[in-house]
Structures are given as structure tokens and as C-alpha cells.
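Read the figures in this text as sums done on the coordinates, not as results from a lab. All figures in this text were calculated on a predicted structure; none of them were measured in a lab. Neighbour counts run over all protein chains shown; Cβ positions are idealised from the backbone, glycine included.
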Amino acid sequence: MVNLEINDLSMRYEKKYILEDLRLNVEHGELLVLLGESGCGKTTLIKIIAGIIEPEKGKIIMEDEDITLFSPQRRKMGYVPQAQVLFPHMTVKSNISFGLKSHKKSKEEIKEKIRWVAELIQIEELLERYSSEISGGQKQRVALARAMAIEPHMLLLDEPLSSIDATGRESLALTIRRIQKETETTTIYVTHNQEEARLISDRVAVIYDGKVQQIGKVTEIDNSPKNYLIAKIMGSPNVWPIFYIKETDENTILNTTVGEIKLPKQTNKKITGISISPSCFKPSLEKKSRTDLEKSQFIEFKGEVKSMVQRDERTIRAVIELEGEKFDYAKIDVDKEDFEDILSSDQKIFLYVDTSEVNIL
Amino acid sequence: MTFPSFSLKKRIGTKDEVLNKVIIATASLVIVLFFLLFFYVPLTKILKFSFIEQGKITLEYFSDVINSPMNRSALIFSFYQAFLSTIICLVIGIPASYFLAKYEFRGKKVLINLLTIPFVLPPIVVLLGFIITYDANGWVNTIWQTISGSNNPLINIFGSIEGILIAHIFYNISVIIRITIPAWENIDYDLIDVAKTLGTSKWRRFRKIIFPQIFNHIVSASLLVFIYAFNSFAIVLYLGQVRFQTLEVRIYKEMVRSLDFQSGTALAVIQLIINTLIIVFYLVSEKRTRRMAMGKEKSLKKEKINFRKYSTGKKLVVFISIIYMISLFIFTFAPILAIIIESFKPAVESVSSFWGYGQLFSTEYNSYLHSAPLRMLLNTLWFASLNMIITILISLSLLFIIRNRFQRLRKYKTSRVEGMISYLILLPMATSSITLAVGLFLQFRTFSWYNNAVWVFIILAHVLISVPFATRSILASYNRIDVELLNVASTLGASRLRIFAKIELPLILKGLIVGGIFSFAISLGEFGATNFLVKTEYGTLSVGIYNLFGSHTLQLPAAMASILILITILCFIMIQKIGDIDLKV
């Protein structure tokens, strides 16, 4: 169990910064998910931690030891790359023993370790096969076993589920989590898929623009995303950016992709976008007049129903195409009993949201 | 407060990294020394002979050379016959490659491989096969005279352009076929279907979709055939007689027969410039071909030949195609078969069928050959083996330098090494065999030990000829290795040497063996450089066969050629078993 501290890490590729003064702390024994969109530099970061790429600037400190200049051989990191790369000319067993032999372990020890890791990752029956004779999911398990066999200080996983079919994903993700917990290995898990982060992470670090923008537990980030982009990366529904802001004496008027939204005066923070929880929309088939809307401020959206999916026994989630120049969609949760018979595809609908329910990002 | 910036630049040197540096330094030293000593310094000698007169730079030799009608016509003829050979090869080869790509039948792979054999045959063997097949008394003319009742031969291969063209076609048709088969196979048929749905006419579909996809392959293949035909030596030397000469033949004659080193080297420089241009052009086209070939999944639908299903028109087309392929097959194998039969055919009745093979052990022909045929066979095998070993060592050294590029990739910097190496071997690649030999000869002839060490220079010339081929074969398999494999291996704690031994080497082994055997085969049949450098007892079988062309019976040279054929085919089978042969330079 180790901890890792990354300080002011920078890396350029053809003059463009991929990582810029990045800081990150990974705590003892945790599984940290690096979440970001394709090309945000998360693979570069994991390769730098593995020692495969040398950073231009910055420090990597593992358990108070500066390992920035260490070769990958010396770091003892369990690296599992994105593509399922097993040594094609070796059996699964030889793949696993490769690292052990590199570390000059005795024959008995190697045998013992192979047995241990094969059992841990449940690949006992694959040991004599070649890479070409096993499935994608199995290859990834072997790659994991190969990395774990040397009992690495840390486990570095680069999109481990990306090339595996949907049915195998969850099971592999949970296997990774189980192994990580059982062996108490500090793990960095790179992905662009927030669902994976929700499934297995201790903490999530959201990366874009070459920096870690927000780090914390999934629920923490969900509850208070620092800005619009983070909410979007986290996969929150109904997140819209803001073009510009008008201030009047009493109100803040936000110009968003879904129209102007007039809110009570906002002063507390920099506004980057808004989000509205799916359950806060009040649908109506007819336009409501001012008087219907009681006293509080409501925002009105107009749109067409595009799809309906049952969420649970009581609620239906409907996707509404909002009226406007761009195709923007709102996801709303409505009560099944009230709306099942009323809503149908392509139906015109009005949505009302209490301004107090609009989350400012 | 801040750390000095250089502290980051310098990685902590481990034993592994020091060792790696030593290996790279050694490899670089070997490569640089080898090419400097045996190629670049000799090349400057050639330049010195052709540009410098009494210590002053002059272009006089060049103007002399260009003003000489003999040389000028050689230059023109080199282009002319290379151009014709290329066009005819395309016309004959492309339909054949389409047939082979489109139809699936038993023994197809074997057929493709068999059609490739001429390419690896020694030129002298091809020449002998042609003489036996197409000579005035050869098979073709005898059959023709019997059928037509005429007394005139159908083909005259001596002193005519036909002979040269037929030989070049025989040699190079496999280049066209092998390179364009994948072109047909790789055509993305989804695109054609899309075009159909867009209502495109058949002709427009061909012009805009099919043709662009095969065009680059055709250009690559054509440039290769052109360069082989342009530098043709043995075939033109013998069949062209005095009338037709390529630059390569002129260089040889100026150097050896007229001892006019100035004109010879000036011609060599002109030839080198032309070759370099063509090769650069070729490499550019190759790169484009490879880029286009990427990312295609769906390819030509293969069809089994099934006459019952076809309409009458289609039956006819397929039938004609089959006749066409059979003719091509006969054209390819007649000369080879002719040599083998000739080796058992005594000139006079009192002699046994095995006389030719028996003569291998005699010294009867020493006045022609300067040594016994058996000695020539041993020389041939010895040179080929040494050539193979040296070539592999040099290719491996190149590989050791190239693999180090990952050090730069680590820092996201593009590697300059690979570019430098491709330039380093570009020039030897563009240098004709005779020019390589001329350089070595001019550079080292003044040493007192030169005459005794002629065999060393023959091998060195062979190495210079083989290295580009071998290196390409090895690099091609090296570049197929996934870099992530090496990354993973390093995170697993494997030293650089261990990564090489346990991962890279096993994965390139096939390429290495193919490259090695290929260089063995090249050396086996090399004629131009060997014939130029050869002295006394160091002759090879090719040189021996050539010297026996004038003798009263072709049984002995046919026996010697049959042995070469046998060994070449063995090499070829081995290459085929192990991997794919790369005909490309």
C-alpha cells in the first residue's frame, strides 16, 4: 500500500500542452478513477506514472521517495495498457512469469506466485493457452494477472474495459475491484466512462485542459460539480452551458442554449452553466398562464416528446426535444400513473421549472 | 529554491542503461565504419576519377561521355528497353494478378509461389535457359520450324531487342503479379456498393473508385520493374551483343575492356543519379501505398471457379483466363526445365547422360574456368554463407540502433535515427552492382594484398547488395511489434537486453531468417559485381557458367546451372515456409 503525489507535472506534444502543471494525490490503498474525455491526456499521465514517458517538468513522489527519474524497471508498477497486449509468442503462464523472472525470483517462488495470481483472477484453466486462443475479456484478465504477479506498488489500468463486449464489462470491473481490495493495492484507473467510475471508484479525478479539475467521491462531485463541464463529464442529465449573463437590479438573466433563464440575483460564484434535475420538470399539455403559476417564478420550455422509458415502478423518463435552433434535449422524470396514458411520441408539451430548482454550475 | 533544469534531463544511470549505451555505440560504430569504408570512401574515389583531372575539378569526362555516340545510345537504350519491359510486364501481369486475386482454386498459393521463382533465379541461369529455349536451334524455334515448315527461326534473341525484352519480362512479371494481387484484394468493395447506390456509372466507378485504389500499387510495381530492367547487366551483355547496351554494360566495358576508368566512373555517376531519383520516387509511392492500405476491412469477394453456374459469355472469359495462366506458367517454366533437361543431354552419343555432373569434379576446363567446377560450387556456397552472416550482423546492428528510438518516443519526440538510416542505405540501394564493385576495386586495388583478398571484396560487394533487402525484411517485421508490449515488459522489470532477447528477437525471428536466406540467394546468383572483381581461382558458378557459353556443349554449364536452380528453389521454399517474400527493394 503506497501513496503517490504528483506535483506540477507538464508534458507537451508538438508544442501543445497535454498536461499542464497537473497536481494529484493518490491515497494509500484507494482506487482512484481518472475520468476525462478522449484526448484529455489521461493515458499520457498514466504512462508517465509507469515511467514509460518522461515528463518535461514536475515531480512524482511515491511514499516520500522521488521516483521521477526512475526507469520503468525500477518503479515496480503494475501497468495494464488499453489494448489487450499479451506477449503473443508465450503461453499465458509464461506471460505471467515474465515479470517474476525479470525480478530473478526462484523457481518455487514463481510457481507459487503463478498459482496464487491465477486463483485470484480465476484464470487457472487458461494457463497453457496462447494469446490467440483466448477471448478479449480473458486476455484482459491475463494482462491483469501479469501485472499483479510482481506484487506491484501500484496498479495502473488504462481503460481496461474499452475493448470488451458489454456483457463482460461489469464482471471484469468488479473483478478488478475485488482484487484491488483483497491485495490492498493502490490503483489508478483511467476511463472516459462515468458509469465505470460510479461502479468501482473510491474517488474520482476529473481531468480536462491538462489539469485535474475536481477530485472527490462520486456523490460529492455529483452534488456540487465545480462547473458545467464537470457535470457534463460526470454524465449528469440536463446540463447546459451559458453564453452570456445579463445583470439587472433584481435578476440575473442567463442566456443558455435552451433560451433565456431569469433567476433571482446571483452573486456567490462564477456561472458556467446550469443543470436541472429530471424530477424538477412539471409537464403540461397546455400552456399555462401567469396566474396558473402561482407566485413563484417559473421557467417555461416548449418541446416534443421523443422517447419514453420506464425507470421504475412509479416513474417514466421521457426525452423531450426542446424548441429552438439547435437540437437540445431535456430528460424528465414523470409520474407513471399520471402520464402513461397521456404522453405519446411527437406530442407537443410544455415544461415548467421553478427557478429555485435550477442548479447554478 | 528552484531546481536547476538540467537535473531533470539526466536520468539516473543504471547498469542496464550503461550496457545499452555500449551496445548502441558498438552497433553504430560497426555500421558507420562498414558503410564508410566499403561504400562511401570508394564512392568518393569514383567521384575523384570522374571529376578530377590533375588536381582540378573538370566536367570534361562527363561531356566526353555524353558526346560519345556509343555511351549516348546506351543511355537512351537503358531507358527505352526499361520502359518497354515495364509496359509489357504490366500488360501481361495485371490481368494475371486480377485472375489470381479474384478466383479461388486448389493450388493457387503454390501457383503464385511458382510464378515468383524466376525473380530469385540467378541472371546467368536465366540467360542459359533462354539460350537453350530460344536459340536458333532452341526448343521454340525447332517446334516452330517443324510446325510451319519454314527454315527461318521464329525468334532471334541475339543482337535483337526481343531477346532482351522477353528475358526482362520473364524476370519481372512476378514483381507485378505479387505486388498487384494485394491491390486487387484490398479494393474496398463497400465503396463500390455505396457508389452503386449513388447511381454512378460502371466506367465512372472504375475511374473514380477502383482505379485510384490500385494505382499506387501499380506505380510501385512499375518503378521496381523499371529499375531492375534499367540496371540489367548479364542479359544485355550477352543477348544485346554490340548493338544493344545498357549503362551497366557500358560501365563494365569501359572499365574492364577499355581500361578507361574516367569514362567508366563518369557513366557510373550518371547512372547513380538516375537510380537515386527513381528509388526516391519509388519510396514515396511505397509510403503512399502503405498509407492507403491501412484501415481496409472488406475486400474483394473471392469466387470459386464453377463452370456449370456460368453463362456462356462468362464461361468463355474464364476459359480464356485459364489458358492464359497456363501459357504464363509454360513461359515461366520452359527455360528452367530446358536447363535441367539439357544437363542430361550429351552433345555426342558416346558420352553418358551424367557427363555434365561428372565434369564437376574434373579439371579439364581449367583453361576456361581457372579452377575446377567443384571449387566454383564451394566458392559460391562459401561466399553466400559468409555474405548471409555479415548481412544479418549488419541488419541486427541497424536494428539495435533503430529500437533505441523508443527512448525518444518516451519524450514525445520524433525519432531521427530511422530517417538517418534510411538515407544511409538509400545510396547503396541506388548503386548498381557494377558500380559497387568498381568503387571497391578502385579504392583497394593499389594494396599489395588486393589480389589475394579478391574473395573478401566479392563478399563485401554481395553484402552491399543484400543489406537493403535484408534490412527491409527485418525492419518490416520489427515495425509490426506493438510498442505497448515493450512498455509492459519494461514495467515488469525486464532489462533492455532481456526485452530484446525474450520479446523482440522471437517476434522478428521470421523476418530475420527470411532476410538471411534472401541474402544467401542473392549472393548465390550475383554475377555483375562478381564477374567484375573475380580473379583466378575465386570464380563462382555464375562466372563459370558464363565462361562456358562459348564451349561446344552446354551440358556442363547446364549441370552447374541445375545445381544453382536446385539451391535457389530450396532457399525459396524455405522462405515461403517461414514467411512472405518481399520482392521490394
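Things worth noting here:
- Three-way shape label, segment B:59-342, alpha-carbon gyration tensor, a/c 1.5: oblate
- Inter-chain shielding of A:41-51 (mean C-beta neighbours from other protein chains, 10 Å cut-off): 1
- When only alpha carbons of the protein assembly as shown are considered, Rg and Dmax amount to 36.9, 128 Å.
- Rounded to the nearest 20, the Cβ-based charge dipole of the protein assembly as shown about its Cα centre (Lys and Arg +1, Asp and Glu -1) stands at 2040 debye.
- Sparse-neighbour loop sites [GluC sites (Glu not before Pro); segment A:134-229; at most 15 other C-beta within 10 Å; DSSP]: A:184
- Peptide packing for A:202-213, B:442-453 was compared via the average number of neighbouring C-beta atoms within 10 Å per residue; ordered from the highest value, the list is A:202-213, B:442-453.
- Rounded to whole Hz, the Karplus (6.51, -1.76, 1.60) HN-Hα couplings of segment A:308-317, x for glycine and proline: 9, 10, 6, 8, 8, 4, 9, 10, 10, 9
- Restricting segment B:22-60 to trypsin sites (Lys or Arg not before Pro) that sit in a DSSP loop and have at most 12 other Cβ atoms within 10 Å of their own Cβ leaves nothing.
- Of the peptides A:67-80, B:363-376, A:27-40, A:123-136, the ranking by mean beta-carbon count within 10 Å, highest at the top, reads A:67-80, A:27-40, B:363-376, A:123-136.
- Dipole of the protein assembly as shown, positive end: most advanced residue of B:383, B:214, A:136 [Cβ charges, Cα centre]: B:383
- Between residue A:1 and residue A:74, the contour length at 0.36 nm per residue exceeds the Cα-Cα span by 24.6 nm.
- Positive-end extreme of charge dipole, chain A - chosen from A:353, A:332, A:84 (charges on Cβ): A:84
- Only the Cβ atoms of Lys and Arg (+1) and of Asp and Glu (-1) were treated as charged; on that basis the dipole of chain B about its Cα centre amounts to roughly 2760 debye.
- Averaged over A:68-80, number of beta-carbon atoms from partner chains that fall within 10 Å: 6
- Spatially proximal lysines relative to residue A:265 (Cα-Cα < 29 Å; intrachain offsets below 8 disregarded): A:226, A:232, A:246, A:282, A:287, A:288, A:295, A:302, A:326, A:331
- From phi via Karplus (6.51, -1.76, 1.60), per-residue ³J(HN,Hα) for segment A:219-234 in Hz, x at Gly/Pro: 5, 4, 5, 4, 6, 9, x, 5, 7, 4, 5, 5, 4, 5, 4, 6
- Hydrodynamic radius by Kirkwood, which averages 1/r over all alpha carbon pairs of chain B, in angstrom: 26.2
- J(HN,Hα) series, segment A:173-180, from Karplus relation 6.51 cos²θ - 1.76 cosθ + 1.60, nearest Hz, glycine and proline x: 4, 5, 4, 4, 4, 5, 4, 5
- Candidate lysines - alpha carbon under 26 Å from residue B:109, same-chain residues fewer than 8 apart omitted: B:296, B:298, B:301, B:302, B:304, B:309, B:314, B:315, B:510, B:577, B:584
- Residue mean of other protein chain beta carbons inside 10 Å, B:503-510: 2
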